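Nothing in this text is a laboratory measurement; each read-out follows from the coordinates by a stated rule. What you are looking at is a predicted structure, and each value in this text was computed from that prediction instead of being measured. Positions of Cβ are generated from backbone atoms using ideal geometry, with glycine treated the same way; all protein chains shown enter the neighbour counts.
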Amino acid sequence: MRGKMDCFGITDAGLKRPLNEDQFLIADLNKAMRIHQSSLSVDDDETVFGGSQGMMLLVADGMGGHAHGEQASRLAVESLTSSILNTMPWFFSRDAEGDEDLRQSLERALERCQERLQDEAAQQTGARGMGTTLTAAYIHWPRTTILHAGDSRCYLLRDGVLTQITNDHTMAAALSQGGRYKSSELAHTRWAHMLWNAIGSGDAKVQPEVHQFDLRIGDVLLLCTDGLIRHVGPGELEEALSRPRLASETCAELVKLTNARGGTDNVTVVVARFLDQDEPDGRAAAAAIAQQQSEEADRADSLSDTAPEIPVIPAESTLPLQNG
């Protein structure tokens, strides 16, 4: 079946940081052909665009101070997009071999980001430790590949349940996985935000984390930097993403909530909702649900005097559909 995506992103400096070192990107990947000459009735040097080949969603959280963090995240986004446009093949078969080819291509693209940042750091005084997180979703419906390094996050909301797809590449997470400490014991220590894996950040080699899965109609993806996670818990994220409304409204609410609770870091949020082609957008869906609930309440009131033993049965809701 045909689907559509409602996607939006917001980045905000927060209330405590003088600079915003976060970046985000939402891009539609299209085929294009530039015609230099032809016997057809087209203009010379006309560019002809084909259908969408997919989408790229991305967040990055720079670090390094003195504007080096902003530079690191910007360079990483520029390098990754350049690799996708100029180096990676855009056509992958939808099988295990195609998945592996795409995985390797994205891993190499992340390694090029690492090389770009290390080259820049070597040429600038005081920039040796600059680095950035990066979390990206490469979507060729329904297949999705998540590329990740650092402690920004990707979440998937499916059937009302929120799942964290990526792992935090922090020392606290590594120590808790070893079993010696509980994550709650390390949450407020210096290890909680100390990264063992990121792009740039010295001479260490970046270790890409990759996840691949099929999306379904009804799913919601959230990409965010850790400025959101410091103030908004998983339960609140699940509740916010479950409400039927526009992605822009969800992003605005999450950023507003983060700043209302102190806004101690830059915060960046990208929300993508995957809808049936004929399904109304978030605002229209919310209005339809409210109308349905009102009508059900009216029916319940009218039945209460005559048939109190008969329950009111809500109208059947549309279930998520998936290819296959």
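Multiplying each eigenvalue of the alpha-carbon gyration tensor of the range 228-275 by 5 and taking the square root yields semi-axes of 19, 11, 9 Å, largest first, rounded to whole angstroms.
The Gln207 and Arg158 beta-carbon pair, evaluated with R₀ = 25 Å, returns a calculated FRET efficiency of approximately 0.40.
In terms of its C-alpha gyration tensor, the range 162-266 comes out prolate, because a/c is 1.5 or above and the ratio a/b outweighs b/c. Among rounded, prolate and oblate, which fits the range 206-256 when a ≥ b ≥ c are the square roots of the eigenvalues of its C-alpha gyration tensor, a/c under 1.5 means rounded, and a/b larger than b/c means prolate? Since a/c reaches 1.5 but b/c is at least a/b, the shape of the range 206-256 is classed as oblate.
Using the alpha carbons alone, the radius of gyration of the range 98-158 stands to its Kirkwood radius in an Rg to Rh ratio of 1.08. Between Thr125 and Ala32, how many nm apart are label points set 7 Å from Cα along the C-beta direction? Going from the Thr125 label point to the Ala32 one covers 4.0 nm.
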